[in-house]
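Peer 1: Pasting in a structure now, in structure tokens, and then I'll have a few things to ask.
The values are calculated or read from the model by the stated rules, or taken from the named source; none is laboratory data. Quick caveat: nothing in here was measured; it's all calculated off a predicted structure. Note that we place each Cβ from the backbone using ideal geometry, even for glycine, and neighbour counts take in every protein chain shown.
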């Protein structure tokens with residue numbers, strides 16, 4: 001019951017037995033949605049690099065809700081490094097551009113390279129993780145559950161749509177244990193990393 005309640009609070013929905021829809025708004029007033037927050041492309045969360053054609057951009061993980069005190073920075077860094085390792089395994093001979101905190105999304109016109117990132121969702125010391133891969137340009141992204149039990153409501157959300165609006169967390173793990181569980185679903189995520197560069 002505690003896990004169910006935490007899931008409902010995280011997503012800002014009630015727990016009266018009805019399932020959340022894919023347009024559920026995440027209750028996070030300090031962190032506006034992508035489309036509303038990048039006017040003029042001056043937002044520091046936009047990558048200052050679009051990468052190289054045929055390569056990858058590894059974005060900084062999106063932390064939701066925002067983490068102004070940096071409590072999850074070390075966890076986010078470990079997640080990004082795991083993604084870098086997957087990219088290097090998938091295409092060691094292609095350029096890889098690793099973006100620093102807080103560059104977590106491609107420019108409005110899209111990246112020239114395939115992009116790889118993650119959404120780190122947290123609530124009261126508990127975390128869940130979703131991998132995000134996207135082909136070059138402005139095509140839809142692809143979401144894969146990573147750590148925790150996450151239901152994906154829309155596996156291919158539109159370019160720069162907030163990924164947390166397309167998932168529902170059913171069970172979290174303690175944030176302190178997340179790094180030790182990064183091998184969960186690694187084969188599935190690695191295949192998404194491989195295939196995204198080949199996407200049209």
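Peer 1: Got a number for residues in the range 133-153 being surrounded by fewer than 21 Cβ atoms within 10 Å (Cβ to Cβ), out of contact with any helix residue (DSSP H, G or I) (no Cβ under 8 Å at 6 or more places or on another chain) and within 26 Å of residue 113 (Cβ to Cβ)?
Peer 2: 4
Peer 1: Among the residues of the range 88-103, which ones are over 22 Å from residue 128 (Cβ atoms), touching a helix residue (DSSP H, G or I) at 6+ places or on another chain (Cβ under 8 Å) and surrounded by 14 or more Cβ atoms within 10 Å (Cβ to Cβ)?
Peer 2: 90, 91, 94, 96, 98
Peer 1: Further question on the same structure: Say we look at the range 109-140 and pick out the residues that are part of a loop (DSSP other than H, G, I, E, B) and farther than 15 Å from residue 58 by Cα; which of these is modelled with the lowest pLDDT?
Peer 2: It comes out as 109.
Peer 1: While we're looking at this one, here's another question. Go through (1) over 21 Å from residue 188 (Cα atoms); (2) in contact with a helix residue (DSSP H, G or I) (Cβ under 8 Å, 6 or more places away or on another chain) one by one and return the number of the condition residue 83 breaks.
Peer 2: Only one criterion is unmet by residue 83, namely (1).
Peer 1: Restricting the search to the range 154-178, which residues are farther than 14 Å from residue 132 by Cα and surrounded by 16 or more Cβ atoms within 10 Å (Cβ to Cβ)?
Peer 2: Of everything in the range 154-178, those that are farther than 14 Å from residue 132 by Cα and surrounded by 16 or more Cβ atoms within 10 Å (Cβ to Cβ) turn out to be 168, 169, 172, 173, 175, 178.
Peer 1: Let me ask you something else. Name the residues in the range 76-102 that are touching a strand residue (DSSP E or B) at 6+ places or on another chain (Cβ under 7 Å), modelled with pLDDT of 95 or more and either farther than 21 Å from residue 141 by Cα or assigned to a loop (DSSP other than H, G, I, E, B) (or both), would you?
Peer 2: Of everything in the range 76-102, just one residue is touching a strand residue (DSSP E or B) at 6+ places or on another chain (Cβ under 7 Å), modelled with pLDDT of 95 or more and either farther than 21 Å from residue 141 by Cα or assigned to a loop (DSSP other than H, G, I, E, B) (or both), namely 99.
Peer 1: Can we say residue 54 is closer than 19 Å to residue 194 by Cα, touching a helix residue (DSSP H, G or I) at 6+ places or on another chain (Cβ under 8 Å) and touching a residue at least 60 places away in the same chain (Cβ under 8 Å)? Write out each step before concluding.
Peer 2: Values: closer than 19 Å to residue 194 by Cα: yes; touching a helix residue (DSSP H, G or I) at 6+ places or on another chain (Cβ under 8 Å): yes; touching a residue at least 60 places away in the same chain (Cβ under 8 Å): yes.
Yes; evaluated as a whole, the condition is true for this residue.
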